[in-house]
Structure formats: structure tokens, C-alpha cells
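See structure below.
The values are calculated or read from the model by the stated rules, or taken from the named source; none is laboratory data. The shown structure was predicted, so the numbers you read here are calculated from the model rather than taken from an experiment. Neighbour counts run over all protein chains shown; Cβ positions are idealised from the backbone, glycine included.
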Amino acid sequence: MIPFVDLKAQYRTLKQELGPVINNVLASGAFTGGENVESLEKEFAAFCGARYAVGVANGTDALFLGLKALGIGAGDEVITVPNTFIATVEAITLAQAKPVFVDIDEKTYNIDPGKIAEKITKRTKAIIPVHLYGQPADLDRIYALARKYGLTVIEDACQAHGARYKGKRIGAKSRIACFSFYPSKNLGACGDGGMIVTDKEAVSRKLKMFRDHGQIKKYKHEVAGINSRLDALQAAILRIKLGYLEAWNEKRRENAAYYNTLLSRVKGITIPYISPGVRPVFHIYAIQTDNRDGLQQYLQKNGISTAIHYPIPVHLQKAYRYLGHKKGDFPIAEKAARHLLSLPMYPELELKQIDFIAAKIKSFTGGN
Ligand SMILES: *Cc1c(COP(=O)(O)O)cnc(C)c1O
């Protein structure tokens, strides 16, 4: 059996180190905020090359609080993509703003910058590009549009910890970049967690206020905020794991490169396209094929678990029916939803397992 992700393999590597760290937190009696959270914020900001980082309860909150800190709310429109995890869009609607979708680029599956301008109205306040699968979106063109139209950019970097755009890590030049530490992300907690990085001190101060019931001092509530704490236990665990992140990302890139060599000439299979100037982190390794569902079943029968990211684009989800979209509104995102298949991908995946997976794909397609 080859699982889609293998968190137990990661635990085997870290067991010795995590034990004492967890015990220290338990003995300290400090479970929310405190030294581990503050240190992780500093260390993660430094890792990204960002000025400020603010720990929160999860990636969805990171995006929601990012919007709140920028003052985005009722009556505002926020541009994003329909092929993302629903949390990107939930953050917009939690802030009571309206999601406005832009179709994706057919090669990178990221937002198509050429289609953004036509969606900008007087109400548009922000663009949320998603660095899907760990490949940075076309940030130069997105930030240029934002400057031209006076918008802000909130990057959904929940799949892109450590990814580079023109040499710089995501977060290094971001107004706001949001990360999730959901267990299966490239940097994952043993539970939930999230982080926002920003280059603006004022934004970081607002974020700290919003995540803590809108208070600047105990029981002095400036605004209506929420409770979005990052646990000390998770922060302590994440500090250990952060030390491995670059090596893990490198292993993911090696695995992706090996998949590419084996699959690049297989008939009917399209391997991931990587834009010039980016260094992705392969949170997901997804191929495109016509008989996607058939291939997925065949691989499952042969002991290989795969996944689909994402089977239903957000504009066709029942939850967002009220936005009034229909099939055909975002044809490239819809095609991606029908054709993409995510293959097993994690740092501990072995080359001989990739050999086996590729061999099974070839035997299904009848390829060479
Ligand atoms: C995981 C993820 C989120 C949300 O993160 P949570 O920590 O699960 O709330 C948001 N956007 C994208 C693209 C994600 O992959």
C-alpha cells in the first residue's frame, strides 16, 4: 500500500526530538501564547524573509483576519479563483465581502492575471491569489494590477511554505501572506495552526488585536475581534519542524522531478508545468489525464492512494449557489476539476515507490 500522505513516517524521524519539547510545554503550564508562540513568530518571519508574523488558530482564520486587518467587509468585493480549497472563499464571506471569481491559467492552475482587470469594479478591494499546489502565482503581474487599481493583495500561501518567486520566499515581499499548519501541509502541526506574515507593522498590530478579542490590553476591547489563538504546544512542535522544512521541500522537489522523468512521455498524461522564475514546493503533485476517474480506481486497486484537488470548483458548490454561477462560467477551472489527479507526495516517499506508481500508470494508459 502506498498512502497519499504518510504522517507516521514523519513522526518516526521526529519522535526523539518532539518528546522533550512537548513535556516542557506540559510542565510549564503555559498553553496559550507565551514564549513558544512568540519565538515561532520570529523564526517563521525570518524563514520567509518577512518583517512580522502573527500566529493564529488555522489558515482559514489567517485569511479572514488578513481581510479584517485591511478593513475589508460588507459591500466590498474580493477577487480570487474558483479552483481552491473552499477556505479561501469562506474567509471572504466570513468578512461579509463578496467573492468575485477569475478563471485560472490552464498550465499553472493559478489565477490568470490577464483576466483580472475585467472583474475589477468600484467595489473591488483586494485580490487573493492562491499559490496552488505550492507553485507561486504570477505575483509581478498581480501586484502591478493591484497598484494600478489601488487594491491590496492577500496571498493564500497555505500550500506554499518556503516556495520561492524570483529568488525570494513567499512572504518576503508580501503585503499579507497567509499560511496553514494543518497536519498534512508542508509544515504541519499536530492539530491546527496558522500564521500571517506581513511587511507592515501597523497591519501586524491590527492582526494581534483581532486575533485576541479585539483587545490591546486585557479587557480593553477596541474592536469586535475573535478568539484565534495558536496553542503553545503546536508552536513548540512547529519550531522543531521548521528546522526540517527546507530539506523536506527539497525531497518533494526530487520526488516531483523523478515522477516527471518517468511520466513526461507517457501518452495521455500531462505532468505539472512550472513557470520560469519560481521554485515550487510540491504540496501536491498533480497530473492531468482524460480518464481521471478510471485511473484513480485502477491505482486504488493496485494499492496506490490518490486524491483530487478539487473535484467541485467553489462556484459550483451548493454553499455558494447564491452567487448565481452556472456550469461553463469558469471553463478552465471546471476542466481542471475533471482532469487533475494528485499522486502520492511526501518527503519520505521512496524512488522505488514512484517507480511502481509510474509503472501502474503506464500499464493503465497502455503507454510506453
Ligand atoms: C489548507 C488551506 C486553507 C485553510 O487552512 P486551514 O488551516 O485548514 O483552515 C486555505 N487555503 C488553501 C489553499 C489551503 O490549502
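Some values worked out for this structure:
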{"quantity": "Pair list, Cβ < 6 Å and 6+ apart or interchain, from the range 172-184 residues that are near the ligand (Cβ under 8 Å from one of its atoms) to residues that are of a type in the set (K, R)", "calculated": "none"}
{"quantity": "Residue match in the range 58-69 (condition: at negative phi and surrounded by fewer than 16 Cβ atoms within 10 Å (Cβ to Cβ))", "calculated": "no"}
{"quantity": "Count - residues of the range 38-80 that are assigned to a helix (DSSP H, G or I), farther than 12 Å from V203 by Cβ and within 16 Å of the ligand (Cβ to nearest atom)", "calculated": "8"}
{"quantity": "Qualifying residue in the range 244-254 (condition: aliphatic (A, V, I, L, M) and buried (at least 17 other Cβ atoms within 10 Å of the Cβ))", "calculated": "yes"}
{"quantity": "Residues of the range 111-138 that turn out to be free of Cβ contacts under 8 Å to residues at least 40 places away in the same chain and within 16 Å of the ligand (Cβ to nearest atom), as a count", "calculated": "3"}
{"quantity": "Residue check, T84 part of a loop (DSSP other than H, G, I, E, B) and of a type outside the set (D, E, K, R)", "calculated": "yes"}
{"quantity": "Unmet requirement for D138, which otherwise passes all of (1) surrounded by fewer than 19 Cβ atoms within 10 Å (Cβ to Cβ); (2) farther than 16 Å from C178 by Cα", "calculated": "(1)"}
{"quantity": "Members of the range 263-295 found to be on the phi > 0 side of the Ramachandran plot and either surrounded by fewer than 21 Cβ atoms within 10 Å (Cβ to Cβ) or assigned to a helix (DSSP H, G or I) (or both), listed by number", "calculated": "G268, G277"}
{"quantity": "Cβ-Cβ under 8 Å pairs, at least 6 apart or on other chains, the range 200-211 side farther than 15 Å from I72 by Cα, far side modelled with pLDDT under 95 and loosely packed, with under 15 Cβ neighbours inside 10 Å", "calculated": "M209/I216; M209/E222; M209/V223"}
{"quantity": "Residue satisfying condition, being touching a Phe, Trp or Tyr at 6+ places or on another chain (Cβ under 9 Å), more than 30 Å from E90 (Cα to Cα) and of a type in the set (V, I, T), within set I284, I269, I357", "calculated": "I357"}
{"quantity": "Residue among A62, A46, A53, A69 that is free of Cβ contacts under 8 Å to residues at least 12 places away in the same chain and within 29 Å of K125 (Cα to Cα)", "calculated": "A46"}
{"quantity": "Which listed residue is in contact with a helix residue (DSSP H, G or I) (Cβ under 8 Å, 6 or more places away or on another chain) and surrounded by fewer than 17 Cβ atoms within 10 Å (Cβ to Cβ), from G191, G162", "calculated": "G191"}
{"quantity": "Within the range 185-221, tally of residues that are of a type outside the set (S, T, N, Q), in a strand (DSSP E or B) and away from the ligand (no atom under 14 Å from the Cβ)", "calculated": "6"}
{"quantity": "Qualifying positions in the range 144-164 - touching a residue at least 60 places away in the same chain (Cβ under 8 Å), away from the ligand (no atom under 14 Å from the Cβ) and either of a type in the set (D, E, K, R) or closer than 15 Å to F282 by Cβ (or both)", "calculated": "G162, R164"}
{"quantity": "Selected residue [part of a helix (DSSP H, G or I), of a type in the set (S, T, N, Q) and under 23 Å from I111 (Cβ atoms)] from N255, N249, N260", "calculated": "N249"}
{"quantity": "Boolean, I240 is more than 16 Å from the ligand (Cβ to nearest atom), under 30 Å from K15 (Cβ atoms) and of a type in the set (V, I, T)", "calculated": "yes"}
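A quick yes/no check of all residues on (1) assigned to a helix (DSSP H, G or I); (2) charged (D, E, K, R):
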| site | (1), (2) |
| --- | --- |
| T93 | yes, no |
| V100 | no, no |
| E106 | no, yes |
| E118 | yes, yes |
| A137 | no, no |
| A146 | yes, no |
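Yes/no per residue for (1) under 25 Å from the mean Cα position of the chain (by Cα); (2) at pLDDT below 95; (3) part of a helix (DSSP H, G or I):
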{"site": "Q297", "(1), (2), (3)": "no, no, yes"}
{"site": "H309", "(1), (2), (3)": "yes, no, no"}
{"site": "Y320", "(1), (2), (3)": "yes, no, yes"}
{"site": "A336", "(1), (2), (3)": "yes, no, yes"}
{"site": "K362", "(1), (2), (3)": "no, no, yes"}
